[in-house]
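Trainee: This is the structure I want to talk about, given as structure tokens.
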Amino acid sequence: MSRAILWFRNDLRLADHPALTAACAAHEEVLPVLIIDPRQHEASPFGFDRSGPFRRRFLKESIADLDAQLRAKGSALHVRVGEPAAELAHLSEVWGTRVVHAQQLYAWEEQEQERAVAAALDLRLHAPNTLLLPGDLPFTVEKLPHVFTAFRHKVEKGSPVRPLLPEPDRLRSPAAWKGRALEDSALPVQASADDPRAVMHFTGGRTAGLERLTHYLGPERHLSHYKETRNALLGADNSSKLSPWLATGALSAREVWHAVKHYEAEHGANESTYWLVFELLWRDFFQFTAAKHGRDLFLRGGIARKPPTGNADLRRFSAWCEGRTGQPFIDANMRELAATGWMSNRGRQNAASYLVHDLGLDWRMGAWWFEHLLIDHDPCSNWGNWQYVAGVGNDPREGRRFDPERQAGMYDADGSYVRLWS
């Protein structure tokens, strides 16, 4: 009997899933496993947990939804807590297989996990959750352009988006495979009501992700106005808000692209429909940047390897985290983040700029705080964007400071956003 472990990571879905497709094609039985690595949820270097309440709740909902998907296919999800290499080695002994199929991830810690698993087992890595696959790029990852514009121009000319992979009708697992639920103690979350000021409610899992995609590209045609409204600070539908489901892999980037193309066929293409694809390419750019630069994406000098700047003044940092800097526009954005786990892209750029250029703090403090709170935290996008703002990453310009008063005048001219979060 040919049997393999399917190691779920940030790919919590069954459709358009290269590792799942390969495992089902090569083996008679597949064992779906997800491992919570406690090292990625414990205290950051600045004391607070790396995963906060909003991200934990969203992840737990996503895991439960994945288990429901698997049970509908005749299987179940087995959740374990520990270092992936040790947990997978244990399961391989129990179930008599040394083969592990998994999605490849590009952040440094995830690469370290892969190396440890590969040293002990037959790890077979498959395509990441990127719009473009690495082998379809017009250059190797090592030759990735340093600037996004050069990357975009090259891939738009000659990199195809692959067709979607079908979801399996059934998933064959051993009769004794009953799955194992995630224990609450592994990712404790205190029950709390949503803040009534929240821009929308985010529920983890593919079911909710598909509902959001269908809504945003639905009859009201929000996508047709995306470029004009995406920087608005209030309202659920001014931007797609698909990033939490992309971060957990409940949706694939290719699914979103194909949905946009279907929308364009029905309603017509315009600059706004293109702009959502443009943002997917930005996401790819940071994924491949992480693959190219490895650990440098998380070091103080950044991928540019510049001399360290900024200090670790905890008083100023706490004021920034809690929305007490005295700058109304920055404080409003930080209060929204603290209360809901969400902040607009416009807000994120301004908050990051303020921490680096106005408060003079170590940019990594802000990156860790965003990792702690953001529902849609993705290590490549989060740390890549922080390096960009701090001038130690892919930005060809140095000192990219946003003037918060000017930004407030442009995006909150009547002060309604600041008043809401005052």
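The values are calculated or read from the model by the stated rules, or taken from the named source; none is laboratory data. Quick caveat: nothing in here was measured; it's all calculated off a predicted structure. Virtual Cβ from ideal backbone geometry, glycine too; neighbours counted across all protein chains shown.
Trainee: From Ala72, Ala64, Ala118, which residue is under 21 Å from the mean Cα position of the chain (by Cα) and more than 27 Å from Ala367 (Cβ to Cβ)?
Mentor: Checking each option against the conditions leaves just Ala64.
Trainee: What's the number of the condition Gly249 fails, among (1) touching a helix residue (DSSP H, G or I) at 6+ places or on another chain (Cβ under 7 Å); (2) small (Gly, Ala, Ser); (3) within 26 Å of Thr289 (Cα to Cα)?
Mentor: With respect to (1) touching a helix residue (DSSP H, G or I) at 6+ places or on another chain (Cβ under 7 Å); (2) small (Gly, Ala, Ser); (3) within 26 Å of Thr289 (Cα to Cα), Gly249 is out only on (1).
Trainee: I want to confirm something. Restricting to region 213-251 and keeping residues that are under 22 Å from Ser381 (Cα atoms), among the hydroxyl-bearing types (Ser, Thr, Tyr) and over 20 Å from the mean Cα position of the chain (by Cα), which single residue is surrounded by the most Cβ atoms within 10 Å (Cβ to Cβ)?
Mentor: Tyr226
Trainee: Go through region 140-174 and give me each residue that's under 23 Å from Ala107 (Cβ atoms), surrounded by 15 or more Cβ atoms within 10 Å (Cβ to Cβ) and free of Cβ contacts under 8 Å to residues at least 24 places away in the same chain.
Mentor: Pro145
Yes/no per residue for (1) in contact with a strand residue (DSSP E or B) (Cβ under 6 Å, 6 or more places away or on another chain); (2) modelled with pLDDT of 95 or more; (3) buried (at least 22 other Cβ atoms within 10 Å of the Cβ):
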{"site": "Glu322", "(1), (2), (3)": "no, yes, no"}
{"site": "Gly326", "(1), (2), (3)": "no, yes, no"}
{"site": "Ile330", "(1), (2), (3)": "no, yes, yes"}
{"site": "Gly341", "(1), (2), (3)": "no, yes, yes"}
{"site": "Asn345", "(1), (2), (3)": "no, yes, no"}
{"site": "Gln349", "(1), (2), (3)": "no, yes, no"}
{"site": "Leu374", "(1), (2), (3)": "no, yes, yes"}
{"site": "Cys380", "(1), (2), (3)": "no, yes, yes"}
{"site": "Gly391", "(1), (2), (3)": "no, no, no"}
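Trainee: Could you check region 301-347 and list, in sequence order, the residues that are outside any helix (DSSP H, G or I) and closer than 27 Å to Val147 by Cα?
Mentor: Gly301, Gly302, Ile303, Ala304, Arg305, Lys306, Pro307, Pro308, Thr309, Gly310, Met343, Ser344
Trainee: Now for a different question. Just give me the residues in region 298-342 being among the polar types (S, T, N, Q) and within 15 Å of Gly393 (Cβ to Cβ), in sequence order.
Mentor: Thr309
Trainee: While we're here: Is one or more of the residues making up region 328-344 basic (Lys, Arg) and more than 20 Å from the chain's Cα centre (by Cα)? Full working, then the answer.
Mentor: Taking region 328-344 first, the residues basic (Lys, Arg) are 335.
With more than 20 Å from the chain's Cα centre (by Cα) added as a condition, the list becomes 335.
Looking through region 328-344, at least one residue is basic (Lys, Arg) and more than 20 Å from the chain's Cα centre (by Cα).
Trainee: Further question on the same structure: Filter region 397-417 for residues that are more than 16 Å from Arg230 (Cα to Cα) and in contact with a Leu (Cβ under 9 Å, 6 or more places away or on another chain) and give the result.
Mentor: Of everything in region 397-417, just one residue is more than 16 Å from Arg230 (Cα to Cα) and in contact with a Leu (Cβ under 9 Å, 6 or more places away or on another chain), namely Ser416.
Trainee: Follow-up. State all residues of region 364-389 that are under 8 Å from the mean Cα position of the chain (by Cα) and over 19 Å from Ala291 (Cα atoms); if no residue qualifies, say none.
Mentor: Asp376
Trainee: Scanning for something at pLDDT 95 or above, in a helix (DSSP H, G or I) and closer than 30 Å to Ala413 by Cβ, does region 245-253 turn up at least one residue?
Mentor: There is no residue in region 245-253 that is at pLDDT 95 or above, in a helix (DSSP H, G or I) and closer than 30 Å to Ala413 by Cβ.
Trainee: Further, regarding this structure: Within region 57-77, track down each residue that is among the basic types (Lys, Arg) and either closer than 25 Å to Ile5 by Cβ or not assigned by TED's automatic domain parsing to the domain that holds Glu87 (or both).
Mentor: Lys60, Arg71, Lys73
Trainee: For region 306-353, which positions are touching a helix residue (DSSP H, G or I) at 6+ places or on another chain (Cβ under 7 Å) and without any contact (Cβ under 8 Å) to a residue 12 or more places away in the chain?
Mentor: Scanning region 306-353 gives a single hit, Arg324.
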